[in-house]
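The values are calculated or read from the model by the stated rules, or taken from the named source; none is laboratory data. This structure is a prediction, so every number in the text was calculated from the model and none was measured. Cβ atoms come from the backbone with ideal geometry, glycine included; neighbour counts cover every protein chain shown. When the accessible area is computed, the model is the full protein with side chains, heavy atoms only, and any ligands, DNA or RNA have been set aside. Shrake-Rupley method; radii C 1.70, N 1.55, O 1.52, S 1.80 Å.
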Amino acid sequence: GAGCFVYRTVEDLDAIRAYAGANGRRVGAVVGGGLLGLEAANALLSLGLETHVVEFFPRLMPVQVDDGGGAVLRRRIEKLGVVVHTGSATGEIVLDHHGRVKAMRFAVRDPDAPAVPDLATDLVVFSAGVRPRDDLARGAGLAVGERGGVVVDEACRTSDPAIFAIGECAVAAGRVWGLVSPGYQMARVVADRILGGDATFAGADMSTKLKLMGVEVASFGDAFGAT
């Protein structure tokens, strides 16, 4: 429906700005409370919209911070004026009779819990992670991962030695890397290999920066105490 957007390119931002500015749009919701979702929320705030963030996990930025860090971050984000809904799954986008977004309906995960009322919103921005686009590889008969993505070796070479894959479509070192820096690193490996070198990709720096006015987030070491 009209009023549903992703947050990936400058063109996406232009479309969001144009829609938010038309016909008195007042409320915006972001699906995804990770790094990019919070930046999208900041963008909606800057457009003068009442802004909501809906995150499936029980905390914001679940990939980078633990429960304590998530609680501190939530307080800071709420001080900026964003309404945060954690532990909430988006079930359905409700459209009006013109086919435009009018509300978000939450998925019911516990049948015994009280019903959660719809969130009235004029537009929805989806920022819920990446999923590999591997259609081309499947059509070519290349090996793909169990959860999608073109499987590559340490040289970023697919199951066909004449074909390389890099970036978010590739499963490299056992995972999909949803950041730009690992993609650049893979590109350097492939360039070196094409020139006859022996560079390898064994993993990448996953450090990221939250670009919100006045909110700085750092996560380093074993952030979840898993080892």
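Figure legend: label point modelled 7 angstrom from the Cα of residue 180 along Cα→Cβ; residues of segment 1-32 with amide N under 16 Å from it are 7-14. The apolar share of the surface of the chain, taken as the fraction of accessible area on carbon and sulfur atoms (1.4 Å probe, ligands and nucleic acids excluded), comes to 55 percent.
Give, as ranges by residue number, the residues of segment 150-166 whose backbone N falls under 18 Å from the point 7 Å along Cα→Cβ of residue 188. Answer for segment 150-166: 154-157, 165-166. Calculated FRET efficiency, residue 213 to residue 11, Cβ-Cβ distance, R0 = 35 Å: about 0.90 to the nearest 0.05.
When shorter helices are ignored and each DSSP H run of at least 4 residues is given -39500 (n - 2.57), the per-residue value for the chain at 222 nm works out to -7500 deg cm²/dmol.
Surface analysis of the chain yields an accessible area of 58 Å² per residue, using protein heavy atoms and a 1.4 Å probe. The H on the amide N of residue 125, modeled in the peptide plane, is under 5 Å from the matching H of 5, 29, 30, 31, each at least 5 residues off or on a different chain. For residue 61, the accessible surface of its heavy atoms amounts to roughly 0 Å² (probe 1.4 Å, protein chains only, rounded to the nearest 10).
A Förster radius of 22 Å combined with the Cβ-Cβ distance from residue 100 to residue 39 puts the calculated FRET efficiency at roughly 0.35.
With θ taken as phi - 60° and the Karplus curve 6.51 cos²θ - 1.76 cosθ + 1.60 applied, the whole-hertz 3J(HN,Hα) list for segment 53-58 is 10, 10, 10, 5, 6, x Hz, x standing for glycine and proline. 3J(HN,Hα) along segment 59-70: 8, 6, 6, x, 6, 9, 10, 8, 4, x, x, x Hz, from the Karplus curve 6.51 cos²θ - 1.76 cosθ + 1.60 with θ = phi - 60°, whole Hz, x for Gly and Pro.
Along segment 5-12 the Karplus relation, 6.51 cos²θ - 1.76 cosθ + 1.60 evaluated at θ = phi - 60°, assigns HN-Hα couplings of 9, 10, 10, 10, 10, 4, 5, 4 Hz to successive residues, with x for each Gly and Pro.
The H on the amide N of residue 120, modeled in the peptide plane, is under 5 Å from the matching H of 104, each at least 5 residues off or on a different chain. For segment 102-202, applying the loop criterion from DSSP together with a ceiling of 12 other beta carbons within 10 Å to the GluC sites (Glu not before Pro) yields 146. Each DSSP beta bridge with both residues in the chain is either parallel or antiparallel, and the antiparallel ones are about 40%. Treating r as the C-beta distance of residue 18 and residue 78 and R0 as 35 Å, the FRET efficiency rounds to 0.80.
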